[in-house]
Amino acid sequence: MSLNDPTRLRGSASRRSGPYLLGQIPDEVLVSIGRQLVHRLAVGVSDLTGDDFGTIFAEAIGGTHRARPLGVADVSWDGCAWSVKTVKDARPLTKQTVRLISGRNSPDYSLGISDPRANLDATGRAVLSVWNARVNEALDQYNELRIVVLMRNMETREFTIFEEEARQFVPTDYAWRLNPRRNIVGHERSDDHHQFTWQPHGSQFTIHRPVPGSARRFSIVPNVPMVSVSDILAAVSFRPDWIRVHG
């Protein structure tokens, strides 16, 4: 079984409840996301974090950005939830693959593995079991769980956004080995395709994904006007007595 067709162990496809069909992000959502990006550019914000994008995406779909994730769920709308990712890329309009940092999966903490390089397959299975448990945690509360990814280049103002179902992985489908940097990498047993990277130092877990054909690509015109600090203060009728010095 490939990463492109992994097994979903909980939740029910028949109970889907998202605001639009999976992977079919509508134009109005793109415009809302773009509108919020323009606002940030206009006030001089040159980049955005994953948490920033969580807020942007939640507003675009009329959802809720969770203060703390539930498993991998960052944003919710009715019975649907999303794990929200943003990735910086030099050429988001043409890029065909993406590396998704998907949490710090620590089998030494969770499953008692003290030397992760002693048995690479055991470590890999443990890393995937941590991911699967987080997916389950979200699916215990939500009917559907998606991953939404924004690939961004804020300098060129080019973006690609896509989403797909968040699924679990069958640990025995993957073989694990050390790469030249001594990170542990997971390859599909059937075709040796590189699917995962796990870094023992820091426990960072990365899923390697193709950008699907359903991805939406958009850009923002280069001449967005900047709003100065004085303009903003004038707009809110700032007065010096708003500042209270306490010591």
Taking the range 78-132 only, how many residues are modelled with pLDDT of 90 or more and assigned to a loop (DSSP other than H, G, I, E, B)?
13
Strands (runs of 3 or more DSSP E) wholly inside the range 133-196 containing at least 3 residues that are over 30 Å from Val221 (Cβ atoms), in contact (Cβ under 8 Å) with a residue 24 or more places away in the chain and over 22 Å from the mean Cα position of the chain (by Cα):
174-178
Which residue pairs have Cβ atoms closer than 9 Å, lie 6 or more positions apart in sequence or on different chains, and pair a first residue in the range 221-247 that is within 24 Å of Thr156 (Cα to Cα) and part of a loop (DSSP other than H, G, I, E, B) with a second residue that is among the basic types (Lys, Arg) and at pLDDT 95 or above?
Val221/Arg157; Pro222/Arg157; Val224/Arg157
Can you work out which of the residues in the range 22-41 that are assigned to a helix (DSSP H, G or I) and β-branched (Val, Ile, Thr) is farthest from Glu158 (Cα to Cα)?
Val29
Selected residue (only one of Ile243, Ile184 is farther than 24 Å from Val148 by Cβ, surrounded by 13 or more Cβ atoms within 10 Å (Cβ to Cβ) and at pLDDT 95 or above):
Ile184
Which of the residues belonging to the range 18-37 are within 17 Å of Met151 (Cα to Cα) and surrounded by 15 or more Cβ atoms within 10 Å (Cβ to Cβ)?
Gly23, Ile25, Val29, Leu30, Ser32, Ile33, Gly34, Gln36, Leu37
If I filter the range 224-236 for residues that are of a type in the set (Gly, Ala, Ser), farther than 30 Å from Leu93 by Cβ and surrounded by 10 or more Cβ atoms within 10 Å (Cβ to Cβ), do I get at least one hit?
yes
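The values are calculated or read from the model by the stated rules, or taken from the named source; none is laboratory data. Not measured: the values here are computed from a predicted model. Don't worry about glycine lacking a Cβ; one is built from the backbone with ideal geometry, like all the others, and counts go over all protein chains shown.
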